[in-house]
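Chemist: Pasting in a structure now, in structure tokens, and then I'll have a few things to ask.
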Amino acid sequence: MDSSQAPTIAAARRVWPRDISVAMKHVTVLGAGIAGLVTAWYLAAEGLEVTVIERAPEAAAETSHANGGHLSTQSGVPWIGPQAIRELLTTGLRRERVVRVLHAPDPGRWHWFAAALLAARPAAYRLAAERTSRLSHYSRPLTEALMDTLALNVGLENQGVLALYRSRSAFRRACRKPPAASLLLNRNETLEREPALAAATAPLAGACFYPADATADCHAFCEQLSQRAAAAGVRFLYDCEAQRVELSAGRVVAVTTSRGRIACADCVVALGAEAAPFLSRHALHVPILPLRGYSLSAPIVSGAPAPGRFVDIERHVVFSRLAGVFRAAGMADFAGHQRNLPPDRTRHLHAIAGEWYPPVKSGQPKFWACLRAMTPDGPPVLGASGIPGLWLNIGLGPLGWTQGAGSARLVADLVLGRKPDLDMQGYGIARFRR
């Protein structure tokens, strides 16, 4: 290990009584996205032997690779709710729809939609929103502690996020019932907070400002964390696909992979959208559906400052500035496990991005598609799976960057046999087995 890393690794450890059984335990973590990497880090920081298994050739190669970069601590809510259901039904006939349901062989799709409709009932949605907010607020200081302790250079912009309204009617509706602890701004006040928006061609009626939100580069975070973890002794197996877990006397004893058998005492599944197919091999049926999302990345042009830290609330597209890159991310397709980039989607995203940052129109941006692992009610699925030694850190959906550190801390504490800092009711798999 590089001796220069030792102080930061030591500082990241939580102070707990050490146990010889903990020190000797080997844990496998499946997936090297934000959820898997932070889980691996926390476990290794407690002295466990950790192996991360990732089918891609590098960390953060899928959903954590080019997301919108928003840490939606204050504004993040369950994706499926009363408003989302209304929009899905009312925009179904528009040519450029925010959400599309495409034909795809998706086992359990219609059961998932039925569960989502039940979860969108006002009382159920309020409960899910409270749990989402609780986990987001728990996660934020953990995320920033990792940035600070490990000196991760991720371009954190910690001055709040603007939710922009194009139409006066939509802004008036927002004014009637503004979110708690937010600030409503007229057009001039919005431009004072983000002067670069003055060059935008999109209409701007006003904004809702969320002071507790921020933006940062999730991919840079994951890339640097994987390097710190490797220096701390975490073993990474890239280009290696987990196939199934091996049980003995009903308990996990190994993981079978494309590169052979790996013995372990515990296994944490952090496979994102691939978690449901993997778990189904063990008769564990988790209602997680892949939702394909899109992003655009374009270089910021010299002499043309780009706006950042904002959301086009009526187009459901988020924007951020990330190390000289203007990033836009949004739209959603239920399209099974297909990761292709439909030309109509890239054109639409390109057009919206160009309205807010005109230099994008004449450039050649890079596009990215990923699969968000969605639960029907919003909160992720964390903790015990029902099979001893098999743990879940899945279903973070569009809030993986926001909640990744918090979900990892909770799951790591459970693996270590400790009581988590957060009440786990409503985050486990049991809520889907009633």
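Chemist: Kindly establish whether Tyr165 is hydroxyl-bearing (Ser, Thr, Tyr) and either in contact with a Leu (Cβ under 6 Å, 6 or more places away or on another chain) or at pLDDT below 95 (or both).
Modeler: When the stated conditions are applied, Tyr165 does not pass them.
Chemist: Okay, moving on. Among (1) more than 25 Å from Ala32 (Cβ to Cβ); (2) free of Cβ contacts under 8 Å to residues at least 12 places away in the same chain; (3) not assigned by TED's automatic domain parsing to the domain that holds Ala104, there is one condition Gly426 misses while meeting the rest; what is its number?
Modeler: The failed condition is (2).
Chemist: While we're looking at this one, here's another question. When the stretch 415-433 is examined, which residues are found to be in a helix (DSSP H, G or I) and either buried (at least 24 other Cβ atoms within 10 Å of the Cβ) or out of contact with any Leu (no Cβ under 8 Å at 6 or more places or on another chain) (or both)?
Modeler: Val415, Ala430, Arg431, Phe432
Chemist: I've got another one for you. Of all residues in the stretch 387-412, count the ones that are over 21 Å from Ala212 (Cβ atoms) and in contact with a Phe, Trp or Tyr (Cβ under 8 Å, 6 or more places away or on another chain).
Modeler: 2
Chemist: Look through the stretch 130-151, keep the residues that are among the small types (Gly, Ala, Ser) and surrounded by 17 or more Cβ atoms within 10 Å (Cβ to Cβ), and return whichever of them is farthest from Ala216 (Cα to Cα).
Modeler: Ser133
Chemist: Residues in the stretch 372-389 that are surrounded by 21 or more Cβ atoms within 10 Å (Cβ to Cβ), touching a Lys or Arg at 6+ places or on another chain (Cβ under 9 Å) and hydrophobic (A, V, I, L, M, F, W, C): how many?
Modeler: Qualifying residue count, the stretch 372-389: 1.
Chemist: Here is a follow-up. Consider the stretch 28-72. How many of its residues are surrounded by fewer than 24 Cβ atoms within 10 Å (Cβ to Cβ) and under 26 Å from Gly378 (Cβ atoms)?
Modeler: Adding up the residues that qualify gives 4.
Chemist: Ala332 fails exactly one of the following numbered conditions: (1) modelled with pLDDT under 95; (2) in contact with a helix residue (DSSP H, G or I) (Cβ under 8 Å, 6 or more places away or on another chain). What is the number of that condition?
Modeler: Failing condition for Ala332: (2).
Chemist: Has the stretch 273-286 got at least one residue that is under 17 Å from the mean Cα position of the chain (by Cα) and more than 26 Å from Trp391 (Cβ to Cβ)?
Modeler: No, because not a single residue in the stretch 273-286 is under 17 Å from the mean Cα position of the chain (by Cα) and more than 26 Å from Trp391 (Cβ to Cβ).
Chemist: Say whether the condition of being touching a helix residue (DSSP H, G or I) at 6+ places or on another chain (Cβ under 7 Å), on the phi < 0 side of the Ramachandran plot, buried (at least 17 other Cβ atoms within 10 Å of the Cβ) and of a type outside the set (Ser, Thr, Tyr) is met by at least one residue in the stretch 100-109.
Modeler: No, there is no match, as no residue in the stretch 100-109 is touching a helix residue (DSSP H, G or I) at 6+ places or on another chain (Cβ under 7 Å), on the phi < 0 side of the Ramachandran plot, buried (at least 17 other Cβ atoms within 10 Å of the Cβ) and of a type outside the set (Ser, Thr, Tyr).
Chemist: Now for a different question. So the check is Cβ under 6 Å with 6+ separation or different chains; which pairs have a first residue in the stretch 248-264 that's more than 12 Å from Thr28 (Cβ to Cβ) and a second one that's at pLDDT 95 or above and loosely packed, with under 14 Cβ neighbours inside 10 Å?
Modeler: Close Cβ pairs satisfying both conditions: Arg251/Pro388.
Chemist: Look at the stretch 407-434 and say how many of its residues are farther than 24 Å from Thr73 by Cα and out of contact with any Asp or Glu (no Cβ under 9 Å at 6 or more places or on another chain).
Modeler: The total comes to 4.
Chemist: Something else about it: Wholly within the stretch 285-401, which strands (runs of 3 or more DSSP E) include no fewer than the required count, namely at least 3 residues that are in contact (Cβ under 8 Å) with a residue 24 or more places away in the chain and out of contact with any Leu (no Cβ under 6 Å at 6 or more places or on another chain)?
Modeler: Answer list for the stretch 285-401: 289-299, 317-322, 325-334, 366-374, 390-394.
Chemist: Tally up the residues in the stretch 107-125 that are more than 20 Å from Gly426 (Cβ to Cβ) and among the aromatic types (Phe, Trp, Tyr), please.
Modeler: Total satisfying the criteria: 2.
Chemist: Provide a single number: the residues in the stretch 164-174 that are surrounded by 24 or more Cβ atoms within 10 Å (Cβ to Cβ) and of a type in the set (A, V, I, L, M).
Modeler: So the answer is 1.
Chemist: Just the residues that are modelled with pLDDT under 95 and touching a Cys at 6+ places or on another chain (Cβ under 7 Å), please, taken from the stretch 169-220.
Modeler: Hits for the stretch 169-220 are Ala174, Pro178, Pro179.
Chemist: May I ask you to list the residues in the stretch 200-258 that are among the acidic types (Asp, Glu) and in a helix (DSSP H, G or I)?
Modeler: Scanning the stretch 200-258 gives a single hit, Glu223.
Chemist: Only one of these conditions is not met by Gln243: (1) within 30 Å of Val52 (Cα to Cα); (2) at pLDDT below 95. Which number is it?
Modeler: (2)
Chemist: Let me ask another. Name the one entry in Leu184, Leu191, Leu142 that is part of a helix (DSSP H, G or I) and more than 18 Å from the chain's Cα centre (by Cα).
Modeler: Leu191
The values are calculated or read from the model by the stated rules, or taken from the named source; none is laboratory data. Because the structure is a prediction, the values reported are computed rather than measured. We place every Cβ from the backbone using ideal geometry, glycine too, and count neighbours over all the protein chains shown.
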